[in-house]
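Here the structure comes first, spelled out in C-alpha cells, and everything after it is commentary.
FYI, it's all coordinate maths here, none of it is from the lab. On a predicted model such as this, the values are computed, not experimentally measured, just so you know. A quick note on method: Cβ atoms are made from the backbone with ideal geometry, for glycine too, and the neighbour counts reach across all protein chains shown.
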Amino acid sequence: MKGFLRICALTALAMLLLPPVSAVAAKLEKASLILLWSPQAQFAGYYIALDKGIYRKHGIDLTIIPGGPERSAADHLRQGEADFAVLWLTTALQQRAAGAGFVNVAQIIQKSSMMLVARKSSGIKTPADLNGRAVGLWGGDFAIPPHAFFKKYGLRVREVPQSYTVNLFLRGGIDAASAMWYNEYHTILNSGINPDELTIFFLKDHGQSFPEDGIYILDKTLRKKPLLAAAVARASLEGWLYAFDHPGEALDIVIGYMEQAKVPANRIHQKWMLERMCDLMLPTGNRQEMGRLKRADYEAVGQVLRENLLVRSIPDYAVFTGEAYAAQ
Amino acid sequence: MPRSRSIAFKLILVFTLCSALIFSVILGYNYYQSRMMLEKELEGNARNLAMSLVNRVETVLASVGRVTEEMAFFLEIGKYGERELLALLRGTVERNGHIYGSVAAFEPDVFCVATRLYAPYFHKGKGGILLTHLERSHSYLFRDWYQIPRELEKPEWSEPYIDQEKGNILMTSYSVPFFENRDGKRRLRGVVASDVSLSALTELVSSIKVLKTGYCTLSSRNGTILTHPVKKLIMNETFFTIAEARNDAGLREIGRKMIRGGSGFVPFKTLTGVKSWLYYAPIPSTGWTLSVMFPEAELLENVRTLSMTVAVMGLVGILLLAVVVVILARSITTPLHALAAATEVIAAGNFEVNLPPVRSHDEVGILSDAFLVMKESLKDHMKRLTETTVAKERIESELKIAHDIQMGILPKIFPPFPDREEFDIYALIEPAREVGGDFYDFFQIDDTHLCFVIADVSGKGVPASLFMAVTKTLIKATARKGITPDKILCQVNDELSSDNETCMFVSIFCGILDTSNGELLYANGGHNLPLLVQPGSGVSFFPKGGGLVVGAMEGSVYRCDRMLLAPGESLFLYTDGVTEAMNLRDEQFSEARLAQELTALRGRPLQEMVKVIMGNIRNFAGDAPQSDDITMLLVQYRGDNSNHFLAASP
C-alpha cells in the first residue's frame, strides 16, 4: 500500500503546484523514459502502456529510449537527456550517495533475479565449490550482488569479465556464469543444456536480496512536475498488469518493438521473460504491493554498498523515495 | 450366406470377396515393402546429400581456418613491425575470397604501449580493402571472438552473429590465439581472427532442393537456426526454443544430439506440421549441424500414385471378373434350371418330356446325358415293373390259395374228438412263408388207437408244400388197423424215395397211442426228439434212436419203440422251427429253453401251453424274421378209467 500512498502523496503535491488535472489531461505532457537495455519483455510493461495508450490516458506523451551497451541510462537521467530512467536500485543508490538527485518513483523488480550457473559436470555443487574457479561476472553494478555472495561464503574466485552472451560459459571457458533468471538462464537452457545438468545459485536464496529495476526521476524534475512522476509510475504499473493479464498480446507488442530495433526476437524466450517478470514483480501475488520499495530492502542494499565502500553513507529513505518532497 | 441363394450369387460373392481380399493383401504388402525400401534408400540418399553439402561447407570453412592458423603461426614465430603486420592482414583479406575481414588483436601493452590495445582490422568495403582500428571504438577484450579463444587457449569458431554495421550480414569468425615463449613460459600475445560472411554458405544450403518442398538447414553449436525457408526463424530460434514452444521433448533430445556433433535419421514434424524425415550431420570444423528435411508425403508420392493406379486396375479387374462369373454361372445354371423343370414333369410320371439339348461336354453336359439315359431307363424300368407287378400279384394270389388249401388239409378243429375223455390233443402251425413244409396230423385208426404224426419236409415254399401234401396223404393211406409206426414209415419211405428226382426228404415222428391202456408205439424218421411231460416228475426228452429221414433212401428200416403213458402224461412234438428260432443276436431258442418252458407250464390246459410257448418264441425272436415253419403238437393221455364210462354213458 505504501507505494500507492507515495504516489498519492506525489499527486497531492502536484495538485498544489500545478494547474488542475483537467487542463493537464487536455494537453499531453511530453516525457521520456530510458530503459536499461534494448527492447525485450523485461520492459514489457512500459511498451504495453505506450502501445495501448495507457500513458496518454494518464496525460503523458511518453518517448521510450531503448538502452544498450553504448547508452547508459544513469548517465542519460543525470544529464537530463531523459526525464525518467529504469535503473537498478544499487546504481540509483550509489548515484544518490554521490550527489545525483535520483528519486525512486516505483520499484519494479522486488527480488534479485541474478544467479550463478555452473555445470554439474564441473563438480560444482555448493557455493564452496566455486573457490578458485573461473566465474564470469558482468561489469559495474552487476558485479555487486555476486561480490556480496562471494564475501558471504569467503570465496576467492578467478573473475572473468563476461560479455553479453553466454557463449564463453557454453564453450567451457569459465566454470560458472552470471545469469539473469529471466534471460541468460533460459538462453543456456535453450542452447541445449538441461536444468538437471546445472547447479544454480539464486543470489536471493543466499541472502542477497537486491531489488533490481525501478523507475527513477531527478528530484528537480519531481519538484517541477510531481503529477507527471505519479502518472508515469501509475501508467507503467498499469501497463505491467495489462501485460500479465494479456500475455499473448503483450508478447506481440514487445516482439514488434524488438523487430523494429532489429534485435533477435524469440517468442518463447520473451514468454519466459514475461512470466519471470511477473514472479519478480509480484513475489507474493499481492497486486496492492506492486511498485513499492520496502524500507528493509533499501536499507539492506545500502548496508552492502557501505560495507563494500561503494557508498559512505546511506541516503535517507524518505528522500530517496520522494516522500520527503511530498511532505514539504 | 443363406443356403437358398443361387449358385450365381454365391459364386459372385465368393469370387469377388476372395479376389478383393487377396488383392488388398498384395497391394498393402507391396505398399509397405516399397515404403520400407524407399525409407531405407532415403537414409542413404539423405546421408549422401548431407555429406556432400557438409563437404562443400567444410571446404570453405577449412580454407579460412588454414589461412588464419598460418597467420597465427607467423605472428607467433615471425619478426614483424606494424608495417609487416598490416601487409600480412591486408594480403590475407585480398587473396582469400572467402574472408570478409581479418584482425590481429593484441593483449594490452603487448604490441603497442602507447595505445595499450592494438587491433588493426582489414575488411572488404566499398572501394576496396579498408583498415579500421578496433581499439579506437571499443575494447575488444571481452568480445566472444577474442575472449573465448583466449580463455580456452585454442582456436574457436564463433557463434554466428548478425553484423548490422556491415548491412545485416550473417557472419562468423575464426579466432586463433597466438603465444610467445618468454622465460620458458608460454604467454598469450593476442588473437588473430578472420570473419567469414555466411551469406554464400547459407545461399548454398538454401539453394539445395529436396524433393518439392523439402529443404536443408544449418544450425550452430547452440542450436541456433542459421538458414531456413522461414526467414523469421533465422538467428531468432534454436532447436530448443522450437522444442519448448512445441512442448516436444523428442526434438529437444535431437537438438542435444546435434550440438554434441551427432548424426542421425529420425522422423520429424516440421514447424508447419509437415510429417518429414530429418537427417542431420555435423560440420566438423565448426561443430555446426546440417539438417536435411524430406517431406514424407512427397517421398511416398510415387508409391502412393502407383498404389492408387494398381488399386483402380484391381477394382476394374474384380468388376470384370464378377461379370465373367455371372456369365459362367448362367451357362451352368440355365441347363440346370431346365433339367430341374424337366425332372418335376418326370416326377409327375410323364416320361415324354423333352430334355434341354446338350450343348457342351462338361459336367453339365454329362449330367444332361445322364438325365436322358436315366429318363429312358426309368421309362423301361417302369414298363417292366408294371409287368412284373402283374405277374407277382398273380403268384401271390395263387400262393394265398395254396396256403388256404394247405391249411385246409390239416385238422384244425380243437378239440377234434370232443367225445373222447381218455386223451386230448392240440396242434399249431405257423408257416414261415405262404406255404410251408411242416405238417402234423392225427386220426383214429380204430376206437382205441390214435395215430399222430409231425413232419418237416426239407426245403421250404411251394415244393416243400407239395411234398408235404404227398407225404401226409401217404401216411394217412398207410395207417391201417394193426400196423405199427415203423411199418408206416417204411412204406412211406419206399413210396417217396422211388422216383424222387428232386431228392427231397422229410423227417417224421409217428406215434400210435392205445387210448385204452396208454401204450404208445412210435417210430422216429430223423425228427427232433419229442418231450415227455409228466405232471409229477417233470419234463424229459425221448431217448435217442430211430432211423434215417424218410424219402432219402429206399429200403430204410425204422425201429418201433414202446412206452407206457400214465394218465395225465403228455407228449410234446415239435419241428426244428421251435428250437432253432433265432433272435437278432443269432441266439437259438434251444431245446433247453423249451424244456424249461414246458416244465413251468406243466398241468395247464394243452391249448394254453402251446399258445404260451408260441408267444414266448415270438417274444424271444423279437424283430428277427421267422426263418422256418413252426409246428407244435401236444398229445395228452388222460387214462381209460371208469369215469370214462360214467361220463360216456348218458
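Structure notes:
- Cross-link pairs exceeding 28 Å between alpha carbons, from the set A:Lys52/B:Lys275; B:Lys212/B:Lys232; B:Lys185/B:Lys257: A:Lys52/B:Lys275; B:Lys185/B:Lys257.
- Distance in nm between pseudo-label sites at B:Asn500 and A:Asp129 (7 Å out along the Cβ direction from Cα): 13.4 nm
- In straight-distance terms, cross-link reach from A:Lys224 covers every one of the lysines whose alpha-carbon lies under 17 Å from its own, apart from those fewer than eight places away in the same chain; here that gives A:Lys27, A:Lys30.
- Cα gyration tensor, chain B - rounded (a/c under 1.5), prolate or oblate: prolate
- Efficiency of FRET between B:Leu321 and B:Asn354 - r from beta-carbon atoms, R0 56 angstrom, step 0.05: 0.95
- Scanning chain A for trypsin sites (Lys or Arg not before Pro) that sit in a DSSP loop and have at most 14 other Cβ atoms within 10 Å, the longest stretch containing none of them is A:157-261.
- Which of B:Cys451, B:Cys510 has the fewest Cβ neighbours within 10 Å, and the rest in rising order: B:Cys451, B:Cys510
- Evaluated with a Cβ-only charge set (Lys, Arg +1; Asp, Glu -1), segment A:114-206 carries a dipole of roughly 260 debye about its Cα centre, given to the nearest 20.
- Efficiency of FRET between A:Phe202 and B:Val110 - r from beta-carbon atoms, R0 41 angstrom, step 0.05: 0.55
- R0 of 22 Å, Cβ-Cβ distance B:Asp419-B:Arg602: FRET efficiency to nearest 0.05: 0.25
- Cα Rg, Dmax (largest Cα-Cα span) when computed across segment B:1-102, Å: 35.1, 111
- The protein assembly as shown - charge dipole about Cα centre, Lys and Arg +1 at Cβ, Asp and Glu -1, debye rounded to 20: 8580 debye
- Site pair B:Arg618 and B:Glu69 shows an inter-label distance of 12.7 nm when each label is modelled 7 Å from Cα along Cα→Cβ.
- Whole-angstrom Cα spans of the protein assembly as shown along principal axes, big to small: 188, 71, 69
- Selected from A:Ile48, A:Ile174, A:Ile34 as most flexible by GNM, with chain A as the system and alpha-carbon contacts under 10 Å: A:Ile174
- Charge-dipole axis of chain B as Lys and Arg at +1 and Asp and Glu at -1 on Cβ define it, positive-most pick from B:Ile488, B:Leu385, B:Gly615: B:Leu385
- Going by neighbour counts of Cβ atoms within 10 Å, the residues B:Ser206, B:Ser507 line up, fewest first, as B:Ser206, B:Ser507.
- Judged by the ratio a/c of the largest to the smallest principal axis of the C-alpha gyration tensor, segment B:414-648 counts as oblate, that ratio being 1.5 or greater while a/b is no larger than b/c.
- Loop-located trypsin sites (Lys or Arg not before Pro) in segment B:328-424 (DSSP state other than H, G, I, E, B) with a sparse environment of at most 13 neighbouring Cβ atoms within 10 Å: B:Arg359, B:Lys412.
- Its relative contact order, with pairs defined as Cα atoms under 8 Å and 6+ residues apart, puts segment B:414-648 at 26 percent.
- Entries in B:Lys481/B:Lys611; A:Lys152/A:Lys204; A:Lys262/B:Lys231; B:Lys400/B:Lys460 that, when Cα-Cα distance is taken, lie over 22 Å: B:Lys481/B:Lys611
- Rule-of-thumb Rg ratio for segment A:114-206 [Cα; 2.2 N^0.38 Å; N residues]: 0.95
- Distance between the modelled labels on B:Thr59 and B:Glu39, one decimal in nanometres: 3.5 nm (7 Å Cα→Cβ projection).
- Only aspartates and glutamates eight or more places from A:Lys120 in sequence, or on another chain, were considered; those with a Cα closer than 17 Å are A:Asp129, A:Asp175, A:Asp196, A:Glu197.
- Loop-exposed GluC sites (Glu not before Pro) per DSSP, neighbour cap 15 Cβ within 10 angstrom, longest uninterrupted part of chain B: B:166-351
- Unit charges on C-beta of K, R, D, E only; dipole of segment B:77-172, Debye: 400 debye
- Helical mean residue ellipticity (222 nm; -39500 (n - 2.57) per DSSP H run of 4+; nearest 500) of chain A: -13000 deg cm²/dmol
- Farthest positive-ward along chain B dipole, Cα basis, beta-carbon charges - from B:Ala624, B:Leu355, B:Thr334: B:Thr334
- 222 nm mean residue ellipticity, helices alone, for chain B (DSSP H n ≥ 4; -39,500 (n - 2.57); rounded to 500): -15000 deg cm²/dmol
- Scattering curve values for segment B:79-197, log₁₀ I(q)/I(0), Debye with Cα scatterers, q = 0.18, 0.20 Å⁻¹: -0.96, -1.19
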